[in-house]
Amino acid sequence: MNKVVLIGRLTKDPELKFTPGTGTAVATFTIAVDRRFSKDGQREADFIPIVVWGKQAESTANYTGKGKLIGISGRIQTRSYDAKDGTKRYVTEVIAEEVQFLEWGNGNKAAGSSFNDNMSGEFGRTQGFNQGTYGEDITPVDDGDIPF
């Protein structure tokens, strides 16, 4: 079984490319995943390279950015290639099968607006999901009366 679930922060904006011929989208980025325990009280993190394909790659590149919290579910893949200097290089990366945006931005990214800003006209949202404010067509639900 080869299954990986990670939650971490993007170390930089995802890089979106398209394959020659078919034009399939592929996004690559690295996430910093905090380690549970640290040495001498210092926080430590592992930096994991991630590859996302297809529509998820486009969404990830368009709606996330450096520092945003993201969840990844996928598999580990290893590969090797011959570098230009003649040495053999080995790469271990996570191929994401599912990507979840766990944190949304309130302002503009360097190359554009956040997801909420882009979608505000279509859905009537004017604020971020985590801000606790609602547009005209969205009513908050009080779960206090639900018995479970």
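Since every read-out is calculated from the coordinates, none of them should be taken as a lab result. Just so we're clear, the structure is a prediction, and the values are computed from it rather than from any experiment. Positions of Cβ are backbone-derived with ideal geometry, glycine not excepted, and every protein chain shown enters the neighbour counts.
Some observations on this one:
- Gain on full stretching of the segment that runs from residue 46 to residue 17 - 0.36 nm per residue minus C-alpha separation: 8.0 nm
- For 47, 29, 37, 101, the sequence from fewest to most other C-beta atoms within 10 Å is 37, 47, 101, 29.
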